[in-house]
Amino acid sequence: KTLVKKWQLEVGMGHSSPVVLDDRIYQFSRQDDKEVLRCIDLDGEVIWQQSNDAPYEMHNAARGHGKGPKATPWVDSRRIYTLGIDGIFQCRNTEDGKLLWKAGSALPPGSPLYGAATSPLVIDDLCVIHLGKHDHGALVAFDASGKPDWTWREDGPAYSSPAVMEFAGQTQIVTQSQQLCLGFSLAGKLLWKLPYKTGYDQNSVTPLQYEDMAIVSGFRKGVTALRPQRKDGQWQAEEVWHVSDVSMYMSSPVVVGERLYGFSQVNKGQLFCLNANTGETIWLGPPRQ
């Protein structure tokens, strides 16, 4: 079957993914020195467009990535949350894009070395996002008015995004920071943490739940399945399995049934499939992809 192009719209540059909600597309990108948020109908017509100045100078090591925003917005029926590459976090009205609030000056300003990339997570009317720069950040849960409900300040932000998981009846926010893998209660209590440091501090892979495990990966770190569990009243996360022949870098995996599919940095880029229960390799795609 042949795909037929219905329409095309020039929007500039960026790594942020478009989000579709009902009959609208929300798209976040850079044009010149502005970051632009658009609401587009399914025929390609712009319903509204809002922008803000976003001058930014890339780190030399990431110059080839471009200055476009990297974080995908969170959109619901009332609000849209965006994180610019410079670390500016904003909440806008979904209906017309008007600014409702942005993160206050009391929180760590700036962005990590290679540009802010973590996407926001909304759960129970709280929006969770890791703000700040290298070695100095805060994981923050904002209420609907933009007031911080809780913060955690022990480490700088990574480039992966927080995810909601449930272990032993406890709903948790699982995320990576600059040098750690972490699990929090919805009230902001740190339940468990493990060292997780990659070369050049570039944790970029969003954790994924499978059964009672959290699957994590990172630059030259292989793939690891962790089991968070409560022992003697304390939470801890223990390794269930680890493989080193595949390792994810900037691409997060998916699970279908009992199979884990991902894109490995090994061999110049290689698709793979693992048994999610054991980590056993089911197949590897050709190298240099």
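Quick notes
- Members of region 3-20 found to be within 16 Å of Pro73 (Cβ to Cβ) and over 19 Å from the mean Cα position of the chain (by Cα), listed by number: Val11, Gly12
- Any chance His65 is open to solvent by 20 Å² or more (accessible area, probe 1.4 Å), at pLDDT below 95, out of contact with any strand residue (DSSP E or B) (no Cβ under 9 Å at 6 or more places or on another chain) and within 19 Å of Ser161 (Cβ to Cβ): yes
- Test result for Val254, open to solvent by 10 Å² or more (accessible area, probe 1.4 Å), within 30 Å of Ala62 (Cβ to Cβ) and either in contact with a Ser or Thr (Cβ under 7 Å, 6 or more places away or on another chain) or among the hydrophobic types (A, V, I, L, M, F, W, C) (or both): yes
- Test for Thr171: is it open to solvent by 10 Å² or more (accessible area, probe 1.4 Å), under 22 Å from Val140 (Cβ atoms), part of a loop (DSSP other than H, G, I, E, B) and β-branched (Val, Ile, Thr): no
- The residues of region 215-232 that are touching a residue at least 24 places away in the same chain (Cβ under 8 Å), closer than 20 Å to Val254 by Cβ and open to solvent by less than 30 Å² (accessible area, probe 1.4 Å), listed by number, are Ile215, Val216, Ser217, Gly218, Phe219, Gly222, Val223, Ala225, Leu226.
- All conditions in (1) over 15 Å from the mean Cα position of the chain (by Cα); (2) at pLDDT 95 or above hold for Ala144, with the sole exception of (2).
- Any pair with Cβ under 7 angstrom, 6 or more apart, that starts in region 277-288 at a residue that is at negative phi and in contact (Cβ under 8 Å) with a residue 60 or more places away in the chain and ends at one that is in a loop (DSSP other than H, G, I, E, B) and among the charged types (D, E, K, R): Asn277/Glu258
- Pro195 being modelled with pLDDT of 95 or more and surrounded by 15 or more Cβ atoms within 10 Å (Cβ to Cβ): no
- In region 117-159, the residues that are assigned to a strand (DSSP E or B) and open to solvent by 40 Å² or more (accessible area, probe 1.4 Å): Lys133, His136, Pro148, Asp149, Thr151
- Within region 110-123, residues that are touching a residue at least 12 places away in the same chain (Cβ under 8 Å) reach partners that are assigned to a loop (DSSP other than H, G, I, E, B) and β-branched (Val, Ile, Thr) with beta carbons closer than 7 Å, at six or more positions or on different chains, in the pairs Ser111/Ile85; Gly115/Ile85; Ala116/Ile85; Ser119/Thr72.
The values are calculated or read from the model by the stated rules, or taken from the named source; none is laboratory data. Fair warning: this is a prediction, and the values are worked out from it, not measured in the lab. Reconstructed Cβ throughout: ideal geometry from the backbone, glycine too, with neighbour counts over all protein chains shown. Each accessible area value is taken on the protein alone, full model and side chains, heavy atoms only, with ligands, DNA and RNA left out. Shrake-Rupley method; radii C 1.70, N 1.55, O 1.52, S 1.80 Å.
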